[in-house]
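Here is the structure we will look at.
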Amino acid sequence: MMAVSRRAALVGGVATIGLPGLAPAQGSDWPKGPIRVVVPFPPGGTTDAVARLLAAKVSDNTGWQTVIDSKPGAAGAIGAANVAKAPADGQTWMVTFDSHILSPAFTPNLAYKDSDLFNVMLVGRAPLAVACHPDRPYKTFADVVKDAKARPGKVSVGLLSASGALLLTVYLQKANGFQLNQIYYKGGAPTVQDVLAGVTDFTVTTLGILQPQFRSGKLRPLGTTGEKRAPGLPDVATLGEQGFNTYPTYSWWGVYVPASTPRPIVDRISVELTKAARSPDVAQKFAEQTEMEIIVSSPDEFAAFQQREQERWFKVIKENDIKSD
């Protein structure tokens, strides 16, 4: 988790970020109080860090008070439902992770609809990575596939339940003719812990959570999932480069507000988030912590991106009858 001691007081999972006593921007009656920034995942993960970096910088730039409110559970669906039902006054934001858009396919009786939330900004993205313990004989993902073809269903992979990593791994097996033993986890950290311990043969997860293990030599990178090589792993070939039929796949972080939030307020939020994300100090921390490529899309671009991603991955879910666990 990012250290925010100079401007945050953490009480019961809620952190208030901002400089007390600073008034909202002159000439505007919005915001009318603290802005609640909901993070629908536990503190300490990449989404929590992204939210805190953005909220702290927005506060520094504007004087607005921002409050980080952690509401984890149900792969992000609990926090998303809370935001969907909040007043549409621009005082509630949600910073979330790519698995958010998969909830309609994985969560029965979801307590909200996609249309209850408005896409504000796709902040940025980072490729996934494939990793194994150095004791394993694999040097590339191609080595994993060769072993899996020789021993169908025996090579184990640790995967976050209801995630893009799960869907990509299922697609890779079907499109390239091999079979793995899929082990599901409730969080990204446990997948890394078990591959470190040798419980699983390899994992596919976010690059940011794996980079410290790569730098220390505790895990070996076998491939990345983007269109081009990751800047932090220039010597590691993408899955496409290794000859596999695949989709370029990324972790990504986005910002939503309740539907019907007035568009002028949405546009103001977008402007301030863009300034925050493109600030050199924030951009550097994003790169260090998550390998994030900053995108800062418009609301319309973000909505179109979400629709394309859902069409692609919902098709994979349906065709392969994928369950969340």
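The values are calculated or read from the model by the stated rules, or taken from the named source; none is laboratory data. A quick note: this is a predicted structure, and the numbers were derived from the prediction, not measured. Note that we place each Cβ from the backbone using ideal geometry, even for glycine, and neighbour counts take in every protein chain shown. These accessible areas exclude ligands, DNA and RNA; they are computed on the full protein's heavy atoms, side chains included. Shrake-Rupley method; radii C 1.70, N 1.55, O 1.52, S 1.80 Å.
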Here region 52-132 gives, from Cα atoms, an Rg and Dmax in Å of 14.6, 47
Residue (of Thr169, Val120, Ser297) at the positive-pole extreme of the chain, dipole from beta-carbon charges: Thr169
With just the Cα atoms of region 245-311, tell me how far they stretch along each of the three principal axes, in Å, largest first. 41, 35, 15
Distance (nanometres) between label positions extended 7 Å along Cα→Cβ at Val199 and Lys323: 2.0
Dividing the alpha-carbon radius of gyration of region 120-160 by 2.2 N^0.38 Å, where N counts its residues, gives 1.61
Below 8 Å between Cα atoms, with a sequence gap of 6+, how large is the relative contact order for the chain in percent? 23
Cα extents of region 57-96 along the principal axes, largest first, in whole Å, come to 33, 19, 12
Extension gain Ser216-Lys154, at 0.36 nm per residue separation less the Cα-Cα distance, in nm? 19.5 nm
I want the local charge near Ile101. Using Cβ-Cβ distances under 9 Å, sum +1 for each Lys or Arg and -1 for each Asp or Glu among the other residues. -3
Percent relative contact order for region 212-257, counting Cα pairs under 8 Å at least six residues apart, stands at 29
Against the rule of thumb 2.2 N^0.38 Å, how large the Cα Rg of region 150-239 comes out: 1.05
Do the alpha carbons of any pairs in Lys228/Lys318; Lys57/Lys275; Lys146/Lys218 sit beyond 20 Å of each other, and which pairs? Lys228/Lys318; Lys146/Lys218
Three principal axis extents, largest first, for the C-alpha atoms of the chain, in Å? 68, 40, 34
Any trypsin sites (Lys or Arg not before Pro) in region 142-175 that lie in a DSSP loop and have at most 11 other Cβ atoms within 10 Å would be none
Please get the size of the charge dipole for the chain, origin at its Cα centre, with Cβ charges of +1 on Lys and Arg and -1 on Asp and Glu, quoted in debye to the nearest 20. 380
Using 0.36 nm per residue, how much length does the chain from Phe244 to Lys315 gain when fully extended, once their Cα-Cα distance is taken away? 23.6 nm
Want the number for Arg278 to Asn181: 0.36 nm per residue separation, take away the alpha-carbon distance, what's left? 30.8 nm
First compute the accessible area of region 84-160 with a 1.4 Å probe, then give the percent of it belonging to carbon and sulfur atoms. 54
Accessible area, probe 1.4 Å, largest first, for residues Arg312, Arg151: Arg151, Arg312
In percent, what relative contact order does region 198-299 have, based on Cα pairs under 8 Å that are 6 or more apart in sequence? 23
Ranking request for peptides 215-224, 117-126: highest mean number of other beta-carbon atoms within 10 Å first, then the rest in descending order. 117-126, 215-224
With +1 on the Cβ of every Lys and Arg and -1 on the Cβ of every Asp and Glu, the dipole magnitude of region 88-205 about its Cα centre, in debye rounded to the nearest 20, is 500
With labels modelled as points extended 7 Å from the Cα through the Cβ direction, what inter-label distance (nm, one decimal) is found for Ala304 paired with Asp267? 1.9
With point charges of +1 on the Cβ of Lys and Arg and -1 on the Cβ of Asp and Glu, referenced to the Cα centre of the chain, which listed residue (Ala80, Gly217, Trp93) lies farthest in the positive direction of the dipole? Gly217
From the phi of every residue in region 84-96, what ³J(HN,Hα) in whole Hz does the Karplus formula 6.51 cos²θ - 1.76 cosθ + 1.60 yield, where θ is phi - 60° and glycine or proline is x? 4, 9, 6, x, 8, 10, x, 8, 10, 10, 10, 9, 9
